Every structure is written in C-alpha cells, then in structure tokens.
Amino acid sequence: MKSPWSTYVQDTKLNTTEREELRARLLAYMEYHPYRVLVPQRVPFLERIMQRANAARMIASASMAVFIAIIATPFLAESANPGDLLYAVKTRVNEPLQGITLSTPEEKIAFEMKLLEKRVLETQLLVDTGTLSVQAEEDLSKNIKRHSGEIQKNIEEIATTNTEEAIYAKADLAAELTKTQDIVTAIVSDQPAESLKKAVTEAKDVAVELATVAATSSQEQVMGHVERELSRAYELRASLERKLSEEEVTEVARRFSRIEALLRGETPVALATSTEAASTTSASSSEMVVVQTFVAPEIATSTPPRASDDILTRIKTLITYLSNTALRQSVPKEEVIPETPAPEAVVETAPQPKAEATTTPEKATE
Amino acid sequence: MSLLDLDIPSGSHQEDAFIAAFDEYNDALFRHAFFRLSDRERAIELVHDTYIQAWSYVCKGVAIGSYKSFLYKILNNRIIDEYRKQKSVSLDAMIDGDESDERYMTELHDHSHETLITSIDARHALEYLQDIPPQYREAVVLRYIDGLSPKEIAELIETTENVVSLRIHRGLKALKKILETKQ
C-alpha cells in the first residue's frame, strides 16, 4: 500500500558499493556454511527391531551352517574313496589329524607305512568294484608318492642322530615299496592304470636307490644287519614249511638262492643260473631250508659293495613276503579288505572284468 | 506469487531463493532499520546480521513460508535488542497507558490515521521520528515506510491489530505535536 510518505523515503536505500559489499559478505558466509539436505531416516521402531532380528537370524544361520560343515565334513570324508569329492579331506585333513599326536620319527614312519597299506587296500577295493577311474588313479598315485616322501623325510631326521638305524629304515622302506609295487601291479594287471603303476614303480626305485646309497657308505654295519635279517628269514621259512603252496615254495627258494648268490659275490648271470637250479627242485629246497636254518651261508668277505647294498633290501623284501604269507594263512582276506565300497563311491565307469588270478591256468604259470 | 514464497526443498534452490530474497528486500530492510535507529552504519550492520541469521535458520532446516515476513521479524527483534542496549528504561514504560484497555480504542474512531497523516508534513516528520517512543515509531515506520498493513504488522510484532492501530495513531499524534512545537 502506497503511503503518503513513500515519495520521501524512496531515496533512502543502500548505495551500490554498500549493496555489493553486503552481498559479498553474505555469499562468503554461505560458502563456509553451505546448505546440506537433511533427509531424516525415520524408520519405525518395530521395523528397526525386525531388521535387526533378521540380520541376527541370518548371521546365526550362516554360522550354524559353517559349524555343521566344519564338524560334519571330516565324518563324511572318512568313508570317501579315491576319486570322491571328500577324498582330499580324508587324506589331507583326517589322516594328518590322526597322526598329530605322534612325536618320534619312528612312529611317524610306522604311521605312514600304514597309510601306504591303506592306499593299496583302496586300490584293491576299487578294482574289485570296477570303479577305478582316472581321478581315482591320480589320487592314489599322488598319495602313494606323498606317503613315501614323508617316510623318507622322517628317515633323514633319524639319520641326523642314528646313521645305522636310518640305513635300516631306508632298507625297510625299499622293501615295503617293492612289496607295494608287486601287489599293485598284480591288482591292476587287467586295468589300464599305467599312471598308478608308474607312480608306484618310481617311488620304489627312489627308495631302493636311497637305500643302496646309504648302505654303500656303511658296509660293515650293513653286513651285520644282513646276517641277522637272513637268519630271521630262514626261521620264517622253516615255520611255514608245510603251509606254502607249490608256487610259493618255488618263489621263496628263488629269492633265497638269489640272496645267497649275492652273498657269495656272484654276478647277475650266475644269479640267473642259480635261480633256475633252485626253482626246479622244490623238494630239495625244503631240505635246504632245514640245513640253512642252522648253518648260515658263508658271507663273502670280499662281497662287492653293490651286491651287499642290494642284499639287505632283498632280504627285507623276502621277510615281508614270508610275513604276508603267514598272515594270509591265519587271517581270511575278507576280514581285512571291505568287499563293497560306500554307496557314494560308486561312479559310473565302464565295467571291468574282475581279475581271477587263482583260478586261471595262465596266471598259475607266471 | 514470487519464488520467495514457495517451499524450496533442494540445496541449490534454497541458495537461489535466499539470494533472490537479498536482492529484493535489502533496500526495504535497510530503510526500516535506518528510520528505526537513525544510524546508517548501524542499520547496514543489522541488515547484514538479519540475513546471516536467516541463512542459519535455512541451514538448520527451518521451513520458510515467506521470506519477507521472516526477514522483517528477525530485523525487528534485532532492533529491539539494539534499543535495550542503548536504553536501560523498559520499552513498555514509555507507552502511555495500557494498550489492552479498550477505553483507548475510542481514540481511533475520533482521529483516523488518514486524517492525521495528511495533516503532517512528511518531509519534516521523518526528521523527528527518533523523538517519538520506540514502539510507536516501530508501528509508524512499518505502516508508512515499509507499507505493511495493520494486520501484517500485528503478525510481525505478535500483537493484536487494535494495538497496532493504536500505536500508529499515537505515534502520528506525537509526531504532529512535535512538529507543532518546532514550528
């Protein structure tokens, strides 16, 4: 509303300078105190409670799932076979945990030997059920190498304090792997399991070489042990005198003759000859057992180093063979090796014919 | 309706609206402060403080319906504070009688504002505004310099329309009396 005084007051105003200065001061203030949009996060109380409850429930569920997975997985893995998803848990988690309380290298070696036998049994099982897949073969090969590697590592640990014991342990390992190779080769003879055979052979070769090298450096000590082990072998043979089959008698005689030849310092050619001679006289070999039980063969004083190196391994292999034979006589196979795998282990592979070694005529002549 | 009277939600709009309010009302506010205080420098400072305080309220999220009444309110309060600093006497004590007493309302009927304002020499009246009581001065300035209606003035100073009219009337009567005395 225009008043009568308007005319007189219109000229009362800020001049340009004052206005500009005032505006500048105001803009500077606004720059230091900018306007910020405040969006109130007003969530209803009940909704907030529900949100927190949901979050807590999710965390609890996830934790329980993880807990169950951690607890249940090892149990489920125990029945896994090579090629199964949880097999790695069995071999990398469960088995190491079982050996966690072992403190000495000797105990660890014994434990790894048992695991090695377990691998052989698993191989037997897979072959029997026709489920030896490529993945299973790979798992077995890897684990056999790993076990032998662990044993060698522990042997080296023994060697730092007791050289003699380390030598014998190497020889034991070589013998064990030789036996393993024989068994696995027999088990998978009808299977295209070349990688498994190769893995076992390589492990055995390495072990034998290490045993040979170790024995070379301590020949006198080795010979003393050779005598003791040979006597033990003779005793074992005597105890199994009337329990061996014809083939087993022939095999045992062959091995003994080889060892004796090596002790006499004979060459490999000579060895072949003596082997044939020994194998043809099964009856006389039993007499030889009686004589040899009480009369140890003369150990050549000038036995070539290589022969004596090999002798200990051969004797230990022979002892293992005789021990297994004795075990087979007393314990049926079915009690040791499970005939059927766990249901989860059955995978779809091409059915393999079962190896019936004891009944086929071809197998008997080998 | 100008931009200043709209609800502006976003930040940049708030700043634009505020700057527009400065451009539109800075002279009017200065004029009001000048005639209330008769001190140019002090009037400029009060206008500056008024805008600063207004921006602070905006930043706090205060919803501003009308920048005009909002700015006048802040400025009026600052001027009252200024009076309190300058004079120790209560402003209410300077008022003649109880304004709420309806007996004083009869004055308005006998001597209307229009009659009084036309009988006063405006040019000389502006010189002697400082000599009338502050609350009368406030009402006269808001009415005849700022051009607000008695209703708007009542809303601004938080009183009734009748009180505003009475103060205007008494302010004009006091101005007339001073002019007659000077002449």
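Return the total of residues in the stretch B:133-168 being out of contact with any Pro (no Cβ under 8 Å at 6 or more places or on another chain), crowded, with 17+ Cβ neighbours inside 10 Å and either of a type in the set (Phe, Trp, Tyr) or away from every other protein chain (no Cβ under 14 Å) (or both). Explain how you work it out, then say what you get.
Taking the stretch B:133-168 as the starting set, the residues that turn out to be out of contact with any Pro (no Cβ under 8 Å at 6 or more places or on another chain) are B:133-142, B:145-160, B:162-163, B:166-167.
Next, only the ones that are crowded, with 17+ Cβ neighbours inside 10 Å stay: B:133-142, B:145-146, B:148, B:150, B:152-154, B:156-157, B:159, B:163, B:166-167.
After this cut, where a residue has to be either of a type in the set (Phe, Trp, Tyr) or away from every other protein chain (no Cβ under 14 Å) (or both) as well, the list is B:133-136, B:138, B:154, B:156-157, B:159, B:163, B:166-167.
The qualifying residues number 12.
Write out, first by first residue and then by second, each pair whose Cβ atoms fall under 9 Å of each other, whose residues are 6+ apart or on separate chains, and whose first residue, in the stretch A:157-169, is of a type in the set (Phe, Trp, Tyr) while the second is modelled with pLDDT of 85 or more.
Once the first residue is of a type in the set (Phe, Trp, Tyr) and sits in the stretch A:157-169, its partners that are modelled with pLDDT of 85 or more give A:168/A:229; A:168/A:316.
What about residue B:116, is it modelled with pLDDT of 90 or more and under 22 Å from residue B:149 (Cβ atoms)?
On the way: modelled with pLDDT of 90 or more: no; under 22 Å from residue B:149 (Cβ atoms): yes.
The answer is no for residue B:116.
Among the residues of the stretch A:5-22, count how many are within 7 Å of chain B (Cβ to nearest Cβ) and within 14 Å of residue B:26 (Cα to Cα). Even if it seems obvious, please write down each step before you answer.
Within the stretch A:5-22, the first condition is being within 7 Å of chain B (Cβ to nearest Cβ), and the residues that meet it are A:5, A:8-9, A:12-14, A:18-19, A:22.
From what is left, the residues that are within 14 Å of residue B:26 (Cα to Cα) are A:12-14, A:18-19, A:22.
Qualifying residue count for the region: 6.
Only one of A:19, A:23, A:48 is modelled with pLDDT under 85, within 30 Å of residue B:62 (Cβ to Cβ) and surrounded by 10 or more Cβ atoms within 10 Å (Cβ to Cβ). Can you tell me which?
On the way: A:19 fails: modelled with pLDDT under 85; A:23 fails: modelled with pLDDT under 85.
The conditions single out A:48.
Among (1) at pLDDT below 85; (2) assigned to a helix (DSSP H, G or I), where does residue A:302 come up short?
Checking residue A:302 against (1) at pLDDT below 85; (2) assigned to a helix (DSSP H, G or I), the one that fails is (2).
Conditions tested, residue by residue: (1) in contact (Cβ under 8 Å) with a residue 40 or more places away in the chain; (2) aromatic (Phe, Trp, Tyr); (3) more than 14 Å from chain B (Cβ to nearest Cβ).
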position	(1), (2), (3)
A:3	no, no, no
A:29	no, yes, no
A:34	no, no, no
A:45	no, yes, yes
A:48	no, no, yes
A:64	no, no, yes
A:67	no, yes, yes
A:80	yes, no, yes
A:86	no, no, yes
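Can you tell me how many residues within the stretch B:43-86 are among the β-branched types (Val, Ile, Thr), over 13 Å from residue B:29 (Cα atoms) and facing chain A (nearest Cβ under 10 Å)?
To start, the set of residues in the stretch B:43-86 that are among the β-branched types (Val, Ile, Thr) comprises B:44, B:47, B:50, B:52, B:58, B:62, B:64, B:74, B:79-80.
If we keep only those that are over 13 Å from residue B:29 (Cα atoms) as well, we get B:52, B:58, B:62, B:64, B:80.
Checking which are facing chain A (nearest Cβ under 10 Å) leaves us with B:52, B:58.
Total meeting the criteria: 2.
Which condition breaks for residue B:147 when tested against (1) outside any helix (DSSP H, G or I); (2) of a type outside the set (Asp, Glu); (3) in contact (Cβ under 8 Å) with a residue 12 or more places away in the chain?
The one condition residue B:147 does not meet is (3).
Restricting the first residue to the stretch A:234-254 and requiring it to be at positive phi, which pairs with a second residue that is of a type in the set (A, V, I, L, M) and loosely packed, with under 14 Cβ neighbours inside 10 Å meet a Cβ separation below 7 Å and a spacing of at least six or different chains?
Taking only residues 6 or more apart or on different chains, not a single pair turns up.
Out of the stretch B:112-132, which residues are among the charged types (D, E, K, R) and at the interface with chain A (Cβ under 7 Å from one of its Cβ atoms)?
Filtering the stretch B:112-132 down to residues among the charged types (D, E, K, R) leaves B:114, B:121, B:123, B:127, B:131.
Residue satisfying the conditions is B:123 alone.
So which residues in the stretch A:51-110 are part of a loop (DSSP other than H, G, I, E, B) and of a type in the set (Val, Ile, Thr), if there are any at all? Give the derivation first.
Narrowing the stretch A:51-110 to residues part of a loop (DSSP other than H, G, I, E, B): A:78-86, A:99-104.
Within the stretch A:51-110, A:100, A:101, A:104 qualify.
The values are calculated or read from the model by the stated rules, or taken from the named source; none is laboratory data. Note that this is a predicted model, so its numbers are computed, not measured. In this analysis, Cβ positions are derived from the backbone assuming ideal geometry, glycine residues included, and neighbour counts consider all displayed protein chains.
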